[in-house]
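A quick write-up on the structure given underneath.
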Amino acid sequence: MKKVLALVLALALCLTAVAALADGVAKEDIKLGVILLHDEDSTYDLNFINGVKDAAAALGLSDEQVIIKRNIPESNDCYEAALDLADEGGQIVFADSFGHETFMVQAAKELPDVEFCHATGTMAHTEELANFHNAFAAIYEGRYLAGVAAGLKLNEIKEAGKLKGEVPMMGYVGAFTYAEVMSGYTSFYLGAKSVCPDVIMKVQFTGSWYDEKEEKAAAEALIAAGADLISQHADSMGAPTACENAGIPDVSYNGSTVASCPNTFIVASRIDWAPYFQYIIEQKVAGEAIATDWTGTIATGSVKLTDVNEQAAAPGTVEKLAEVKAQFEAGTLKVFDTATEGFITVENGQMLIEYMADVDTDPAFAKDTQVISDGYFHESEFRSAPYFDVEIDGIELLNRNYGD
């Protein structure tokens, strides 16, 4: 009887193992479909293109195993593109823009055997679909580091007596007044403030993720308003070009602009999407679940800085960035530090003690989650997409309703 039970148990284990293998996909058969809002001319989309190519190379995938659809608008075209990619054999379909999300959810509901992954979205943890996933990265750490480089440059300008105003002033070209943008420009400002305490910043919005004319005009307006340095959360060469033309230091985003702006480009932060693409492919091959919300960090290789352009950067920038990066890696530094007196204040000097954020986004954008504890704002920990939307002292929003 014991032998019979042992054989039954062994058979059950074998069947379980076979079932697990059956859920996976042979690596040579895996196919990934990628939906892009724009194409290589957008630094944002180019970053995804480079990420998927790097992941494919690391895993030894052929060109035929990755299908990229470019210039897919945030409309029903995204839904159609997702279905097309699935029809072409894609077991995983990925989209890169916030406005693609509802159409990806629609496709996920219709095709439960296909994994749908989406960058920057907010709905995966509330939709509770086994095959729909959100991903982002702690880019606020990278923007903080880039802000440190900016603050050091402002100190250099100040010491040389070349400030345009009484205190150092940064200009920031933002796309929309969304939490993702607010989290980004606030972390950049806090990085600069950590080394240049009297810095202030003005933000000009464009109402678009990619509009070279508007981004250039916004940067030019900020320079005319007295900005000593410019940064951006927008995807074209508009702002960097304006800075190079005017001789104003620039901290870019998503990639180096040193080739076109050798005299003004300092550094850029970016998300490296290769670790995420590699992760979702490996999970599918293994027949294992993809995380509902995935947040990459400096430690996972998902948050990076470009090389510092020492021709434009202040002396000692490389060394200081290495020091601050090590603090992030050790967990001793928090970007949104609410415990340090005077570091983050709101409404004329009041410390930020508690904050209810809109994590479980609904049509009313109700604030539903307490996100401050242990002395810091827990950005991208309750879901992958940013939800920091606090207006803090030191940052002035210009044309705040533009594009809302």
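The values are calculated or read from the model by the stated rules, or taken from the named source; none is laboratory data. Being a predicted model, the structure only gives us computed values, none of them experimental. Backbone-built Cβ (ideal geometry, glycine too); neighbour counts: all protein chains shown.
Structural remarks
- Hits in the stretch 307-343 - residues which are over 23 Å from the mean Cα position of the chain (by Cα), small (Gly, Ala, Ser) and either farther than 30 Å from residue 381 by Cβ or not in a loop (DSSP other than H, G, I, E, B) (or both): 312, 313, 314, 316
- Counting only helices (runs of 4 or more DSSP H) wholly contained in the stretch 176-294, the ones carrying 3 or more residues that are surrounded by fewer than 23 Cβ atoms within 10 Å (Cβ to Cβ) and in the same structural domain as residue 47 (by TED's automatic domain parsing) occupy 274-286.
- Any hit, the stretch 69-79, residues being under 16 Å from residue 104 (Cβ atoms), aliphatic (A, V, I, L, M) and crowded, with 19+ Cβ neighbours inside 10 Å: yes
- Scope the stretch 332-353; condition touching a strand residue (DSSP E or B) at 6+ places or on another chain (Cβ under 9 Å) and of a type in the set (Asp, Glu); matching residues: 337, 341
- For the stretch 382-396, the count of residues that are touching a helix residue (DSSP H, G or I) at 6+ places or on another chain (Cβ under 8 Å) and not in a loop (DSSP other than H, G, I, E, B) is nonzero.
- Of all residues in the stretch 170-201, exactly one satisfies the criterion of being free of Cβ contacts under 8 Å to residues at least 60 places away in the same chain and over 21 Å from residue 317 (Cβ atoms), namely 181.
- Count - residues of the stretch 80-105 that are among the charged types (D, E, K, R) and either crowded, with 24+ Cβ neighbours inside 10 Å or not in a helix (DSSP H, G or I) (or both): 3
- Subset of the stretch 340-364 (residues that are surrounded by 10 or more Cβ atoms within 10 Å (Cβ to Cβ), hydrophobic (A, V, I, L, M, F, W, C) and without any contact (Cβ under 8 Å) to a residue 24 or more places away in the chain): 351, 356
- Looking only at the stretch 3-62, and only at residues there that are of a type in the set (Ser, Thr, Tyr) and at pLDDT 50 or above, the one that is nearest to the chain's Cα centre (by Cα): 44
- Residue match in the stretch 151-169 (condition: touching a residue at least 40 places away in the same chain (Cβ under 8 Å), farther than 17 Å from residue 32 by Cα, in a strand (DSSP E or B) and among the small types (Gly, Ala, Ser)): no
- Subset of the stretch 277-316 (residues that are under 19 Å from residue 257 (Cβ atoms) and basic (Lys, Arg)): 304
- Members of the stretch 225-238 that are under 19 Å from residue 311 (Cβ atoms), touching a strand residue (DSSP E or B) at 6+ places or on another chain (Cβ under 6 Å) and hydrophobic (A, V, I, L, M, F, W, C): 229, 230
- The selection criterion, being assigned by TED's automatic domain parsing to the domain that holds residue 278, at pLDDT below 95 and touching a strand residue (DSSP E or B) at 6+ places or on another chain (Cβ under 9 Å), does not hold for residue 94.
- Residues being of a type in the set (Ser, Thr, Tyr) and loosely packed, with under 15 Cβ neighbours inside 10 Å - total across the stretch 370-397: 1
- Residues of the stretch 106-122 classified as buried (at least 19 other Cβ atoms within 10 Å of the Cβ) and in a helix (DSSP H, G or I), total: 2
- Assessment of the stretch 130-150 against the conditions (modelled with pLDDT of 95 or more, over 22 Å from residue 184 (Cβ atoms) and not in a strand (DSSP E or B)) yields at least one matching residue.
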